[in-house]
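Laboratory data are not the source of any read-out in this text; all were calculated from the coordinates shown. Keep in mind that what you see is a predicted model, and the values were worked out from it rather than measured. Cβ sites come from the backbone with ideal geometry, for glycine too, and all protein chains shown count toward neighbours.
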Amino acid sequence: MAHVVSGGVRVECVQGNIADQPDFTAVVNAANARLMPGGGVAGALHRAAGPGLAAECRPLAPIKPGEAVITGAHKLANRYVIHCLGPVYGMDKPEDELLARCYRNALRLAEEYWVDSVAFPGISTGAFGYPPAEAAAVTFRTIRELLPGLKEVRRIRFVLYGEPKLTVFQEALARGFDVGGAPEK
């Protein structure tokens with residue numbers, strides 16, 4: 001597990017399943033505009049949470065790229081699910097600003113709901129086609145900018161499904177936080 005600590009907040013990258021993060025208060029869904037089950041992260045979280053998650057999401061939809069909403073976690077071990085609609089690469093412009101808004105809005109909700117730990121997937125890096133290296137650079141630049149304003153959130157985890165994406169995010173974590181070589185493992 002690669003990590004950095006900045007401003008009292010631990011930021012880490014792990015390989016795993018976003019639906020299996022029992023030690024985190026909130027997990028983030030890389031949602032679709034309707035907030036309904038789908039493939040990838042949305043499918044995994046909805047399957048694990050059960051049908052109550054879709055029922056709670058229904059009146060909150062639709063959301064636009066960059067927006068975030070929060071729900072209970074239902075059958076997940078977490079307390080909350082924060083749903084973010086990332087940009088579709090090449091369609092939703094400006095992609096970098098919309099992706100940054102996902103992180104800003106998710107962490108704003110985490111602060112409002114007194115969430116101490118948040119686990120994120122690589123938003124938009126799956127079916128939405130955002131190149132992982134570009135997405136990771138935007139991600140860690142945004143996280144670094146937000147850290148000084150966080151009062152409640154003390155742990156941020158990036159849960160990446162495969163080894164190649166994990167490596168890209170670990171390298172971007174090191175660059176984003178000016179860690180010599182690589183972040184601590």
Let me know the Rg and Dmax you get for the chain when you use only its Cα atoms, in Å.
14.9, 47
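Arg141 to Leu60: extension gain in nm, 0.36 nm per residue of separation minus the Cα-Cα distance? Provide the component values of the computation, followed by the final result.
Working: separation 81, 0.36 × 81 = 29.16 nm, distance 2.89 nm.
Residue separation times 0.36 nm, minus the Cα-Cα distance, leaves 26.3 nm.
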Linear extension gain, Asn17 paired with Glu111, 0.36 nm per residue minus alpha-carbon span
31.5 nm
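Per-residue ellipticity at 222 nm for the chain, helices alone: DSSP H runs ≥ 4 residues times -39500 (n - 2.57), over residue total, nearest 500 deg cm²/dmol? Let's see the in-between values first.
Numbers: 5 runs with 64 residues, N = 185.
When only DSSP H runs of four or more count, the value is -11000 deg cm²/dmol.
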How many angstrom lie between the Cα centre of segment 1-62 and the Cα centre of segment 113-168?
11 Å
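Highest first, please rank the peptides 21-29, 45-53 by the mean number of other Cβ atoms sitting within 10 Å of their residues.
On the way: 21-29: 22.3, 45-53: 19.2.
Ranked by mean Cβ neighbours within 10 Å, highest first: 21-29, 45-53.
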Pairing the Cα long axis of helix 95-112 with the longest principal axis of the chain, what angle in degrees results, from 0 to 90 and rounded to the nearest 10?
80 degrees
With axes computed from alpha carbons, what is the tilt in degrees of helix 163-176 against the longest principal axis of the chain, rounded to the nearest 10 within 0 to 90?
60 degrees
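Excluding Arg79 itself, calculate the net charge of residues whose Cβ lies under 13 Å from the Cβ of Arg79, where each Lys or Arg counts +1 and each Asp or Glu counts -1.
Values: positive: Lys75; negative: Asp23, Asp116, Glu152.
Every neighbour counted, the sum reads -2.
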Charge sum, other residues only, whose C-beta stays under 12 Å from Ala110's C-beta, Lys/Arg counted +1 and Asp/Glu -1
+2
For the chain, cysteines with no other Cys Cβ under 4.7 Å from their own Cβ are listed as Cys13, Cys57
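Summing +1 for each Lys or Arg and -1 for each Asp or Glu, what net charge is found among the other residues whose Cβ lies under 11 Å from the Cβ of Pro121?
Values: positive: Arg157, Lys165; negative: none.
That sum, taken over residues with Cβ under 11 Å, equals +2.
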Label zone at Met91, where the point sits 7 Å out along the Cα-to-Cβ direction: segment 98-126 residues whose backbone N lies under 19 Å:
98-102, 122-126
